[in-house]
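Where a number appears in this text, it was derived from the coordinates with a stated rule and is not lab data. Predicted model, so just to flag it, every value in this text is computed and none were measured. When we count neighbours, we look across all protein chains shown, and the Cβ atoms used for this are built from the backbone with ideal geometry, even at glycine.
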Amino acid sequence: MAKSLEELRAIALRVRREIVEMIGAAGSGHPGGSLSAVEILVELYFDYMHIDPANPKWPDRDRFILSKGHAAPVLYAVMAEAGYTPIDKLNTLRKLGSMYQGHPDIRFMPSLEASTGSLGEGLSLALGMGLGARLDGRPSRTYVMLGDGEIQEGQIWEAAMAGAFHKVDNVVAIVDYNGIQLDGFVKDIMEIAPVADKWRAFGWHTLEINGHDLPAIQNALREAEATKGKPTCIVAHTIKGKGVSFMENNPKFHGTAPTPAEVKLALQELQ
Ligand SMILES: Cc1ncc(C[n+]2csc(CCOP(=O)(O)OP(=O)(O)O)c2C)c(N)n1
Ligand SMILES: [Mg+2]
């Protein structure tokens, strides 16, 4: 499934357009944290992970968990682009009975790995999957995306401690370090810096990258795979709302849908 950089960039652009359109159509949702995670999910689903959208429960597959489940639109757009689910239904986001629920819900979308949205839980889920793969002797690797506000949750650090202690080296945590949480900047609400030092202190191999730089993401994933005896954390510096000028670094667009006029403006920028 490997793709060229040009192809990956083209998919990322389509994904950004789909995020804006589907949240605009729903009239509610979370554009900022969806747009900050686009390159990371595109790289995982279209280049790095061993997956088969035609056979989503293939036992040896790699797994992805969107622990920051409110960013569901980026996951839905990427999975639809990859062929798991229908693209033409993306605009049913948040509608009663839609497979595209406001937060990822495995009851409506069985190709998901987990239902998420209650923040703080995804790293624990990932460790369970990693330990399960080890017990079964499978090559599967598990990737979990955490929000920077999310890692204020205590359960994350309990899991971080356990992951290092049990040497779960088939799990990779990716922190979407966009600097903004629900209604403000992380540094003003409860500072989490120095993030990389914290993960290192908990025993994780830790690297910092620009989370919009596809080759940097590729290199980081390779380095993670080559790291044995400890799990890896990739601290990905990103811009919340990336790609839409009036959403970039703007806390308002954590959980505010664009108006029809704003959708039009955003789509003009995303060409
Ligand atoms: C346990 C829990 N508490 C509160 C919320 C409400 N909530 C949804 S998103 C969010 C902020 C998350 O910020 P961050 O992790 O930085 O996400 P991102 O910036 O990537 O959107 C909060 C508090 C939740 N979903 N789960
Ligand atoms: Mg954030």
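Applying the condition of being over 28 Å from residue 132 (Cβ atoms) and of a type in the set (Asp, Glu) to the stretch 147-197 and asking which residue is nearest to ligand 1 (Cβ to nearest atom) yields 183. The set of residues in the stretch 145-155 that are surrounded by fewer than 22 Cβ atoms within 10 Å (Cβ to Cβ) and either part of a helix (DSSP H, G or I) or in contact with a Lys or Arg (Cβ under 6 Å, 6 or more places away or on another chain) (or both) comprises 152, 154, 155. Restricted to the stretch 134-155, and to residues that are among the hydrophobic types (A, V, I, L, M, F, W, C) and over 12 Å from the mean Cα position of the chain (by Cα), which residue is farthest from ligand 2 (Cβ to nearest atom)? Once the filter is applied, the top-ranked residue is 135. Can you name the residue in the stretch 161-186 that is in contact with a Phe, Trp or Tyr (Cβ under 9 Å, 6 or more places away or on another chain) and more than 18 Å from residue 34 (Cβ to Cβ) and is also surrounded by the fewest Cβ atoms within 10 Å (Cβ to Cβ) among such residues? By that ranking, first place goes to 161.
Looking at 112, 75, can you tell me which residue is within 15 Å of residue 44 (Cβ to Cβ), free of Cβ contacts under 8 Å to residues at least 40 places away in the same chain and within 14 Å of ligand 1 (Cβ to nearest atom)? Walk me through how you get there before you give the answer.
On the way: 112 fails: within 14 Å of ligand 1 (Cβ to nearest atom).
After ruling out the rest, the residue left standing is 75.
Of 23, 65, 51, 11, all but one fail to be part of a helix (DSSP H, G or I), within 24 Å of residue 213 (Cβ to Cβ) and aliphatic (A, V, I, L, M); the exception is 11.
Those helices (runs of 4 or more DSSP H) of the stretch 165-229 in which 3 or more residues are at negative phi and of a type outside the set (A, V, I, L, M) occupy 195-201, 214-226. For the stretch 219-268, a tally of residues being basic (Lys, Arg) and either touching a Gly at 6+ places or on another chain (Cβ under 8 Å) or buried (at least 19 other Cβ atoms within 10 Å of the Cβ) (or both) returns 3. One residue stands out in the stretch 48-92 among those that are under 25 Å from residue 131 (Cα atoms) and among the basic types (Lys, Arg): the one that is surrounded by the fewest Cβ atoms within 10 Å (Cβ to Cβ), namely 57. Residue pairs whose Cβ atoms lie under 8 Å apart, sitting 6 or more positions apart in sequence or on different chains, and linking a residue in the stretch 31-46 that is closer than 11 Å to residue 218 by Cα and within 12 Å of ligand 1 (Cβ to nearest atom) to a partner that is assigned to a helix (DSSP H, G or I) and of a type outside the set (Lys, Arg), are 40/217. Of all the residues in the stretch 105-144, those that are in contact with a strand residue (DSSP E or B) (Cβ under 6 Å, 6 or more places away or on another chain) and part of a loop (DSSP other than H, G, I, E, B) number 3. Among the residues of the stretch 187-196, are any more than 14 Å from the chain's Cα centre (by Cα), away from ligand 2 (no atom under 16 Å from the Cβ), under 24 Å from residue 39 (Cβ atoms) and surrounded by 18 or more Cβ atoms within 10 Å (Cβ to Cβ)? No: the stretch 187-196 contains no residue that is more than 14 Å from the chain's Cα centre (by Cα), away from ligand 2 (no atom under 16 Å from the Cβ), under 24 Å from residue 39 (Cβ atoms) and surrounded by 18 or more Cβ atoms within 10 Å (Cβ to Cβ).
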